[in-house]
Amino acid sequence: LESALAAMQQAVPAPGVILFAGDFMAHGFQAAFKKTAPDTSASALAAFTVKTMQFLERRLAAAFPDAQILPAPGNNDSACGDYMSAPSSPFLRAFAEAWQPVVDRGGSTADFVSTFSAAGH
């Protein structure tokens, strides 16, 4: 992550917009979690997935403090498994709440949390 952010900053130091096109979570994220976490329950996985999203948002926000950042979830970005998504899920709501500050930097997306939470777009 750090080398990717550094390369992004070197290529375009002050972008107006960044489109982050999904796959925030690695393939097999859930399996890796279950091998290493002390609590491997579904609720612990969901909480860790949300914390990971929040961490990524904070790192991108810090690296590009003036850019509007537009996250698009990929096929691994959920708390229910690869290639799965649950409309109106707690995960989509948490994802939207985590990313809302950087999505709405220009003040033009006040409804982002409510619309994104419904279906992930």
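Kindly indicate whether any position in region 92-109 is at pLDDT 90 or above and not in a helix (DSSP H, G or I).
yes
Take region 53-72 and flag every residue that is in a helix (DSSP H, G or I), closer than 12 Å to residue 5 by Cβ and of a type outside the set (D, E, K, R). Quick ask: steps written out before the conclusion?
Taking region 53-72 first, the residues in a helix (DSSP H, G or I) are 53-63.
Checking the rest, the ones that are also closer than 12 Å to residue 5 by Cβ come to 56, 58-63.
Within region 53-72, 56, 60, 61, 62, 63 meet the criteria.
Would a scan of region 8-23 turn up a residue that is on the phi < 0 side of the Ramachandran plot, outside any helix (DSSP H, G or I) and buried (at least 16 other Cβ atoms within 10 Å of the Cβ)?
Applying the first criterion (on the phi < 0 side of the Ramachandran plot) to region 8-23 yields 8-21.
Checking which are outside any helix (DSSP H, G or I) leaves us with 12-21.
Those left that are additionally buried (at least 16 other Cβ atoms within 10 Å of the Cβ): 18, 20.
Yes, because at least one residue in region 8-23 is on the phi < 0 side of the Ramachandran plot, outside any helix (DSSP H, G or I) and buried (at least 16 other Cβ atoms within 10 Å of the Cβ).
Within region 26-42, identify whether any single residue is of a type in the set (A, V, I, L, M) and under 24 Å from residue 63 (Cα atoms), and answer yes or no. It would help to see each step written out before you state the result.
Residues of region 26-42 of a type in the set (A, V, I, L, M): 26, 31-32, 37, 42.
Going one step further and asking which of them are under 24 Å from residue 63 (Cα atoms), we end up with 26.
Scanning region 26-42, I find at least one residue that is of a type in the set (A, V, I, L, M) and under 24 Å from residue 63 (Cα atoms), so the answer is yes.
All but one of (1) over 16 Å from the mean Cα position of the chain (by Cα); (2) hydroxyl-bearing (Ser, Thr, Tyr); (3) open to solvent by less than 60 Å² (accessible area, probe 1.4 Å) hold for residue 36; which doesn't?
With respect to (1) over 16 Å from the mean Cα position of the chain (by Cα); (2) hydroxyl-bearing (Ser, Thr, Tyr); (3) open to solvent by less than 60 Å² (accessible area, probe 1.4 Å), residue 36 is out only on (3).
The values are calculated or read from the model by the stated rules, or taken from the named source; none is laboratory data. Every value quoted in this text rests on a predicted model; they were computed, and no experiment measured them. A quick note on method: Cβ atoms are made from the backbone with ideal geometry, for glycine too, and the neighbour counts reach across all protein chains shown. Just the protein is used for accessible areas: all its heavy atoms, side chains included, with ligands, DNA and RNA removed. Shrake-Rupley method; radii C 1.70, N 1.55, O 1.52, S 1.80 Å.
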